[in-house]
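**Q** Below you will find the structure I want to go over with you.
We did not get these values from a lab; they are worked out from the coordinates using the rules stated. Everything quoted here is computed from the prediction, not taken from an experiment. Backbone-built Cβ (ideal geometry, glycine too); neighbour counts: all protein chains shown.
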């Protein structure tokens with residue numbers, strides 16, 4: 001293959017990965033966040049039912065991600081990636097016609113499972129191909145699919161809100177997801193990876209290495225705070241905006257777009273900060289900014305607080321993800337799939353707790369706004385432990 005041919009394939013495959021993550025993680029998963037206040041106003045769901053649907057989705061994501069680690073070898077990866085991607089978009093399409101809560105619980109669980117599978121396997125497949133073709137630096141750009149998809153999902157939901165009701169509000173999301181999936185699948189079937197497995201010596205070193213050691217344990221503990229801290233704003237912030245800001249405010253319809261745009265802009269920023277000053281340094285400031293964002297919701301007037309939370313949490317959470325993964329791999333260079341499984345389990349598992357705690361608090365007379373204190377405490381926890389993570 002010529003260099004021009006490799007470059008062309010790299011661009012196509014990268015866009016296929018971006019599109020796949022947009023479909024499963026941003027559109028299929030997080031479009032539920034801007035949709036929830038509309039579902040509540042349509043009397044299709046209550047806030048506690050919304051919390052249940054979010055929790056079951058995050059549980060499915062944990063299961064799917066752990067399943068994906070088992071099939072992350074080159075001979076399995078493409079097959080199960082395509083199964084997960086097609087299954088995810090079919091589930092999103094079915095949601096357009098289902099309003100029964102029990103069926104929605106099943107669909108949101110399956111959405112989470114397929115999301116977890118694709119979210120692990122798509123970047124892994126691309127990383128293998130990029131390494132084979134001496135372009136590993138491109139692999140991280142696939143996460144633009146999360147930020148770009150969040151922005152697209154929010155704009156789709158709000159711009160079409162007057163045309164649809166109840167479960168039919170999923171229709172614009174499903175149409176875009178189907179188009180992106182068609183492109184991704186046509187590209188992924190062309191990807192060929194034939195990297196050999198680890199040598200016996202490397203395999204023994206991986207199996208005998210301790211995953212949690214003196215250097216990595218504080219990092220893993222901090223990641224619990226990252227998952228629990230960001231999930232309440234990323235699940236309930238538009239609903240909180242509807243509850244606390246006057247109905248004629250322009251910010252109600254734009255709070256998710258602000259969150260998504262902040263996320264999109266922050267990716268190259270945190271990537272540069274981590275490269276220039278170190279990932280530990282960058283992580284400290286992702287926790288500080290996100291803690292300030294949640295504190296703003298709790299301490300300053302509702303309108304300004306919600307917008308500050310959208311900017312600071314939206315701008316910080318992907319930085320926490322990227323820098324934690326890189327720092328963990330620096331501490332544990334031979335762990336491979338075990339490391340991925342641990343990070344996924346910690347992050348996804350901590351996400352399960354947030355909506356569940358919010359539901360319990362509301363059922364016992366609290367407010368959605370007050371439940372955000374859990375997120376503030378989580379970010380303080382994360383900041384404490386990342387500060388105790390070794391510099392080298």
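**Q** So if R0 is 41 Å, what FRET efficiency would residue 97 and residue 76 give, r being the distance between their Cβ atoms, rounded to the nearest 0.05?
**A** 0.80
**Q** Another question, if that's okay. Binning every alpha carbon pair distance of the stretch 212-392 at 5 Å from zero, what are the percents per bin?
**A** Cα pair-distance distribution for the stretch 212-392, in percent: 1, 9, 18, 20, 20, 14, 9, 5, 3, 1, 0.
**Q** Determine by what factor the alpha-carbon radius of gyration of the stretch 27-141 differs from 2.2 N^0.38 Å, reporting the quotient.
**A** The reported ratio for this selection is 1.22.
**Q** Oh, and also: Report the label-to-label distance for residue 165 and residue 329 in nanometres (one decimal), using points 7 Å from each Cα along the Cα→Cβ vector.
**A** Taking the simple label geometry, residue 165 and residue 329 are separated by 5.0 nm.
**Q** Report the normalised scattering of the stretch 1-200 as log10 I(q)/I(0) at q = 0.11, 0.14, 0.15 Å⁻¹, calculated by the Debye formula with identical scatterers on the alpha carbons.
**A** Result of the Debye calculation: -0.50, -0.76, -0.85.
**Q** How much length is gained on full extension from residue 132 to residue 356, taking 0.36 nm per residue of separation minus their Cα-Cα distance?
**A** Length gained between residue 132 and residue 356: 76.3 nm.
**Q** Take each of the peptides 165-178, 265-278, average the number of other beta-carbon atoms within 10 Å over its residues, and list them starting from the highest.
**A** Listed from highest to lowest mean packing, they are 165-178, 265-278.
**Q** Take 46, 259, 389, 244 and order them by how many other Cβ atoms sit within 10 Å, fewest up front.
**A** With the sparsest Cβ surroundings first, the list reads 46, 244, 389, 259.
**Q** Between residue 281 and residue 67, what is the label-to-label distance in nm when each label sits 7 Å out along the Cα-to-Cβ direction?
**A** Taking the simple label geometry, residue 281 and residue 67 are separated by 4.3 nm.
**Q** If you don't mind, there's one more thing I want to ask. As a footprinting exposure proxy, order 186, 181 by other Cβ within 10 Å, with the fewest listed first.
**A** 186, 181
**Q** Rounded to the nearest 500, what is the chain's calculated 222 nm mean residue ellipticity when only DSSP H runs of at least 4 contribute -39500 (n - 2.57) each, over all residues?
**A** When only DSSP H runs of four or more count, the value is -26500 deg cm²/dmol.
**Q** If I model a spin label as a point 7 Å beyond the Cα along the Cα-Cβ vector, how far apart are those points for residue 214 and residue 6 in nm?
**A** Label at residue 214, label at residue 6, 4.2 nm between them.
**Q** To one decimal place, what orientation-averaged projected area in nm² is obtained for the convex hull of the Cα set of the chain?
**A** For the chain, averaging the hull's shadow over all directions gives 18.7 nm².
**Q** Taking neighbour Cβ counts within 10 Å as the exposure measure, how do 213, 52 sort from fewest upward?
**A** 213, 52
**Q** Another question, if that's okay. Angle between the Cα long axis of helix 144-159 and the longest principal axis of the chain, 0 to 90 degrees, nearest 10?
**A** 20
**Q** On a 0 to 90° scale, report how tilted helix 32-41 is relative to the longest principal axis of the chain, with both axes built from alpha carbons and the result rounded to the nearest 10.
**A** 20
**Q** On a 0 to 90 degree scale, rounded to 10, what angle separates helix 216-244 from the longest Cα axis of the chain?
**A** Value to nearest ten degrees: 30.
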